[in-house]
Amino acid sequence: MMGFIWFWLVAVMIVGYVVLDGFDLGVGMLHLFLPRDEAERRASLRSIGPVWDGNEVWLLAGGGTLYFAFPLLYASAFSGFYLPLMIVLWLLILRGVSLELRNHLDVGVWRTLLDRLFGIASALLAVFFGAALANVIRGVPLQADGYFFLPLWTNWKPGATPGILDWYTVIGGLVALVALTLHGALWLTIKVSGELEQRARRAVRPLWLGLCALTLASLAATIAVRPQTLDNYYRYPFTFVVPVGVLASLAGIWLWNAKGQALKAFLASCVYLFFMLAGACWGLYPTLLPASTDSALDITLGRAISGPHTLKVGLVWWLLGMALAVSYVVFVYSRFGGKADAIPNEH
């Protein structure tokens, strides 16, 4: 029972990070081309200014929860994914530095460089996060001791000796890229006004169409690469509510954006991300990290879980910590209302 609880607690942390930090990654990607002048660029950045660094705390909390509850999984994943994790770390650093330094430099060429770094780092983070999830679903070449090594790529095919990048993980990266860009565009329709808001609203349609196509492609590819992901759904048919929720949330995004109901469209995007990630977790359960060579080497819930006393004590502290984190999120977002309007004469 404790294993089941902690599996879904980790899943909640991951979903919380993607939903909250996802929109400011999306704003970062849109920052490359959506704002047309300095006033609009400032408005775009102000739309995430008070919350972006707090959103990233969920990533740290998720990593800490993973380390605490499933130490074998943490050790194994960090051994094999060392290269992409280092890349992600540097991208997070570049993204934070570019945001902070931009406000302290009044030189056009440096601002342009930092804007580009912010957008490119945001886009690459989305791609790497999507590819990482696809790697977990596809499976990795686990050894008997629980460790593995993944090169950046091999023959671009899923199989017994895959790389970090292949055709399947590239699809996963593209789904994340488009989904989070759409998430960011919907956030901008809430937080900015004027021409920038209208451009953000117009960007939703092509992004939505691309996301629908990629969602169907990713579902078909997942079934082809790892058909076992359907086992839990067939065992518990009521869980087919997950793909229904994905389709319903996509329909909600289109409908409410067309009606100009920005908040409802954004919440529908949150629901889409929730169902996509929850569906992936449910397709894997109780496996935490599948082996691409031999299913007997899979890192499962039973193998990776910490001791029962540790989990019981940790659950108390986790609940206290989450109560503080949720209270902080509610307070910050309740205080951060209204539009981050462009101010043309601001310097």
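All of the numbers you see were taken from the coordinates with simple rules; none came from a lab. What you see is a predicted model; the values in this text were computed from it and never measured. Backbone-built Cβ (ideal geometry, glycine too); neighbour counts: all protein chains shown.
Numbers below:
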{"read-out": "Cα-based reach from K312 at 12 Å (exclusive), listing aspartates and glutamates while leaving out same-chain residues under 8 positions away", "value": "none"}
{"read-out": "Theoretical FRET efficiency, 1/(1+(r/R0)^6), r = Cβ-Cβ of L320 and I87, R0 45 Å, to 0.05", "value": "0.85"}
{"read-out": "Extension gain from L32 to N155, taking 0.36 nm per residue of separation minus the Cα-Cα distance", "value": "41.0 nm"}
{"read-out": "Correct choice for Cα extents along the principal axes in Å that was computed from the model, options (1) 69, 58, 37; (2) 64, 40, 37; (3) 123, 49, 38", "value": "(2)"}
{"read-out": "Cβ crowding within 10 Å averaged over residues, with 297-303, 309-315 ranked highest first", "value": "297-303, 309-315"}
{"read-out": "Proximal lysines relative to K259, as straight alpha-carbon distance under 18 Å, when same-chain residues fewer than 8 apart are discounted", "value": "K191"}
{"read-out": "Sparsely packed chymotrypsin sites (Phe, Trp or Tyr not before Pro) within the stretch 125-182, loop by DSSP, other Cβ within 10 Å at most 16", "value": "Y147, F149, W156"}
{"read-out": "Computed E for L247/R202 - FRET, C-beta separation, R0 25 angstrom, nearest 0.05", "value": "0.60"}
{"read-out": "Loop sites in the stretch 176-275: trypsin sites (Lys or Arg not before Pro), DSSP, at most 14 other Cβ within 10 Å", "value": "K259"}
{"read-out": "Fewest-first ranking of F7, F240, using other Cβ atoms within 10 Å as the exposure measure", "value": "F240, F7"}
{"read-out": "Peptide ranges 178-190, 205-217 listed from the most packed, as the mean C-beta count within 10 angstrom indicates", "value": "178-190, 205-217"}
{"read-out": "Q143-V109 FRET efficiency (beta carbon distance; Förster radius 56 Å; 0.05 resolution)", "value": "0.65"}
